[in-house]
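The values are calculated or read from the model by the stated rules, or taken from the named source; none is laboratory data. Values in this document were obtained by computation on a predicted structure and should not be read as measured data. Positions of Cβ are backbone-derived with ideal geometry, glycine not excepted, and every protein chain shown enters the neighbour counts. With ligands, DNA and RNA removed, areas are computed over all heavy atoms of the protein, side chains included. Shrake-Rupley method; radii C 1.70, N 1.55, O 1.52, S 1.80 Å.
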Amino acid sequence: MSSTIILLLISPLVGFLINGVFGKLIGKVSSVIACVAILISLVCSVLLFSEVNNKAEHGDVSYFDSSLYEWISAGDLSVEIGIRVDSLTLVMLLVITGVGFLIHVYSIGYMHDDHGYARYFSYLNLFVFSMLILVLANNYVMMFIGWEGVGLCSYLLIGFWYEKKSASDAGKKAFIVNRIGDFGFLLGIFTLFAAFGSFGFEKIFHDAETGHYVKVFGENTLKIATLLLFVGAIGKSAQIPLYVWLPDAMEGPTPVSALIHAATMVTAGVYMIARSSVLFALAETGVYVAWIGVLTALLAATMAITANDIKRVLAYSTVSQLGYMMVGVGVGAYVSGVFHLVTHAFFKGLMFLAAGSVMHAMSNELDMRKMGGLKSKLPVTYWTFLAGALAIAGFPGLSGFWSKDEILHSAWDGGYHAVFFLGLVTAALTAFYMFRLIFVTFHGQSRVEPHVEAHLHESPPVMWVPLVVLAVPSLFIGLILGWGGHDSAFHHFLGDVFHVTKHQEQASSSFPFMLVSTIVATFGIISAYILYSKSSPKDEPENFPMELLTNKYYIDEIYDTVFVKPIKGLSQYGLWRIVDVVVIDFLCVGGVALFTRGVGGLLRYIQTGVVQSYILSMVIGIVLFLGYYLFIYS
């Protein structure tokens, strides 16, 4: 097993190094190397799944946990490079490598004419390597290494077209906002080390269960530690108030949005909370996670209903669905939260790639108001996009229906009734804005510019085949994994990881929740049909509520006024012109230089070159020395 794990982890790193060093020499071959590297990781993930599953069926230990070597040792501090493979790890590995491989293949066609072709694929491989480190880690420090690695890759890929100011600004915004969350994550890790004397999951979770740890902050130690960890999750998984980076991240290439901002990186916060479920359950901080999640889901959904940029609609949808996942892990339904993570990876990855197919046909046009009537021109893109939209809307029997229903069911049975109702409202809005996008983009009269319409065509097979492949799990993986509700095979598979959490098998019937979810989804779809099947967003009324939603509640402007401008002003007038120019440059650097020059100028007059003057100086010095000596000891 260890050799398979090493091969799985090292393969994308080798792909990154080859493409990063020799990319300009090998040209288009770089895409083949990148795809083969991820394919190897995918095969290794399947082999690991098979091996662990077989061991579990025969009653053997169903996980692998081993430290490869000690990285840092200083006194009581010990940091190890270690690997943990259990059922939760395997789920993440299959999602990362499976969806990642299809996105790599799709990128061959999408990025075909880009001058940064090899650089793009090297970044993608580096991202997958960092994500694998994050989910394979058996301690918080190694997890943090992967956490920062995916943050770096996000910055590189969002700002991939760095010649565009909007892209470079978006990359910097994502990097800076994530650093805020990462600071909280670091403090949480330090708190855990102070309490448990270790960074390892095994020891921390065991000692937390038994109560054998130093109560650094008294009885609130675990609560403070988990809330600090949650700050990191808020940044990485784009929750209130640190969600503002993700919509701007759409400046990167569309496959990047599919891989990083739908299927993998943004789910890292949800994964971290699920991995730390023992701590969150014991600290009883799930209520904060659930409320932040549902408010984020609702806020993002309201902003999506007026967005006209096809990728931004999907971006707000991603923020909203991440909120749903947070609700799941927050109410204690950790398996349900991970279940939605899996289904979302497929249908949202599919829709981002389908949006890229639309852009490919529309000469990179993003405004839905300039589309319409594309159904007949892009049939494969349309039907696969529709599959993803039906799945996320919660259409009965499709993947999103099962996973969202489990989360809402768990919220109700856990006593989070207000969260349940807000989740239902969000579900209705989700169905509405997704089918608004479908009707405005693919139905009705064509509003495409004539010179663009003349060249409309379906994407090449290297792009549409991944769409078809992703459409299959988007439709049916929820049924396969979710059949049986909280007694499904998926719940049993992940049961060992979440064995000490407070989430219990639900006693109430699932049928009423399924019925309510179906009614809500149908209402949203029909509302979108009535409003947009024959009209476009140009016909929307202009009033204050619509203006407020269109401008995203002016939250970016508020942040700019309250935080960005004061900090920039402090940096420019306080730190630069006073501290840097006056204190450091003038007083420290310049002052030392002036003092040295002045002293040197005075001493220069002593160096006359006349021997008699030197002798006189020596005599005066001797006399002064003798005088001082006689005065002291007389």
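Quick notes on this one:
- Binned Cα-Cα distances of region 1-101, short to long, each 10 Å bin given as a whole percent: 14, 35, 29, 17, 4, 0
- Normalised by 2.2 N^0.38 Å, where N is the number of residues, the alpha-carbon radius of gyration of region 100-150 equals 1.36.
- Distances between every pair of Cα atoms in region 27-183, grouped in 5 Å steps from 0 to the bin holding the largest one, split as 2, 9, 14, 16, 17, 15, 12, 8, 4, 2, 1, 0 percent.
- Farthest toward the positive end of the dipole of the chain, out of Thr302, Gly394, Phe201, is the Cα of Thr302, where the dipole comes from beta carbon charges about the Cα centre.
- Sequence-distant aspartates and glutamates (8 or more away, or on other chains) whose Cα lies within less than 17 Å of Lys173: Glu148, Glu163, Asp182, Asp248, Glu251, Asp556, Glu557, Asp560
- Entries in Lys377/Lys534; Lys172/Lys375; Lys236/Lys404 that, when Cα-Cα distance is taken, lie over 27 Å: Lys172/Lys375
- A simple packing score, the average count of other Cβ atoms within 10 Å per residue, orders the peptides 366-377, 420-431, 405-416, 604-615 as 405-416, 420-431, 366-377, 604-615, with the highest score first.
- One decimal place: the segment Val14-Ile530 gains 180.5 nm when fully extended, by the rule 0.36 nm per residue minus the C-alpha distance.
- For region 515-628, the normalised intensity computed at q = 0.13, 0.19 Å⁻¹ comes to -0.85, -1.08 (log10 of I(q)/I(0), Debye sum over alpha carbons, equal scatterers, no solvent).
- Directionally averaged projected area (region 388-540, Cα convex hull): 11.8 nm².
- Global geometry of region 391-446, whether rounded, prolate or oblate, following the gyration tensor of its Cα atoms and the 1.5 cut on a/c: oblate
- Binned Cα-Cα distance frequencies in region 82-125 - 10 Å width, integer %: 24, 39, 24, 12, 1
- Over region 227-271, the reciprocal of the mean inverse Cα-Cα separation, the Kirkwood hydrodynamic radius, stands at 10.7 Å.
- Only protein atoms count toward the accessible area here, which uses a 1.4 Å probe; on the chain, the carbon and sulfur part of that area reaches 70 percent.
- Taking packing as the residue-averaged number of other Cβ atoms within 10 angstrom, the listed peptides 590-599, 455-464, 347-356 run from highest to lowest as 347-356, 455-464, 590-599.
- Residues Phe586 and Glu449, FRET efficiency given R0 of 51 Å [Cβ-Cβ distance, rounded to 0.05]: 0.30
- Mean separation of Cα contacts under 8 Å, 6 or more apart, over the residue count of the chain: relative contact order %: 12
- Between Asp496 and Asp113, the simple spin-label model (points 7 angstrom out along Cα→Cβ) gives 5.2 nm.
- For region 279-342, Kirkwood radius (reciprocal of mean inverse C-alpha pair distance, Å): 12.0
- Between Glu547 and Ile26, the modelled labels are 5.6 nm apart [label points 7 Å from Cα along Cα→Cβ].
- On a per residue basis, the chain carries 43 Å² of accessible surface, using protein heavy atoms and a 1.4 Å probe.
- Per-residue ellipticity at 222 nm, computed for the chain from helices alone with -39500 (n - 2.57) per DSSP H run of at least four residues, works out to -22500 deg cm²/dmol.
- Label-to-label distance, nm, for residues given as Ser2 and Leu602 (7 Å Cα→Cβ offset): 7.0
- Burial ranking of peptide ranges 263-275, 40-52 (average Cβ count within 10 Å, highest at the top): 263-275, 40-52
- Volume per residue of the convex hull around the Cα atoms, evaluated for the chain, comes out as 239 Å³.
- Multiplying the residue separation of Ser571 and Ile480 by 0.36 nm and subtracting their alpha-carbon distance yields 27.2 nm.
- Point-charge dipole on Cβ atoms (K/R +1, D/E -1) for region 169-297, about Cα centre, debye to 20: 120
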